[in-house]
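Participant: Have a look at this one.
Values in this text are rule-based calculations from the coordinates and carry no lab data. None of these values were measured; they are calculated from a predicted model. Neighbour counts run over all protein chains shown; Cβ positions are idealised from the backbone, glycine included.
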Amino acid sequence: MSPVRRCSRTACGRPAVATLTYVYADSTAVLGPLATYAEPHCYDLCAEHSERLTAPRGWEVVRLLDGSAPARPSGDDLEALANAVREAARPQQRAAEAGGGGGRTADPMEVARRGHLRVLRSPDN
């Protein structure tokens, strides 16, 4: 099986770049970025067929594609995600280092706690 999904149109073998779904209740055809996996009630379309798509009379076509947006996450997006993961891990590392293991240790920056929310002391103080 080929790792590249192909256009669902008959006799078209070009690679798919968009996924078409129908919302029958709203008489709407939604054309969006290629779905992460093939859905049984969706149609994968190549660039040419997605550009030429028309809907039946009385139906609306909603295009979620942005030609200027990259199809894959940019390097900046991936770097921002990695930084967010690193930042989320920092308080846990600090608490583990301060407490030396054992039960739950309060963060020296933490002033109060309410459920899962924490009030932190300003780093300037």
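Participant: Place the peptides 22-33, 75-86 in order of packing, highest mean first, counting for every residue the other Cβ atoms within 10 Å and averaging per peptide.
Facilitator: 22-33, 75-86
Participant: Which value does Rg/Rh take for segment 1-72 over its C-alpha atoms, Rh per Kirkwood?
Facilitator: Reported Rg/Rh, Kirkwood definition of Rh: 0.96.
Participant: Using amide H atoms built in the peptide plane, which far-off residues or other-chain residues are under 5 Å from ARG6 H to H?
Facilitator: Counting only residues 5 or more places away or on other chains, the set is ALA16.
Participant: So, counting K/R as plus one and D/E as minus one, what does the shell of residues with Cβ under 15 Å around ASN83 add up to?
Facilitator: -2
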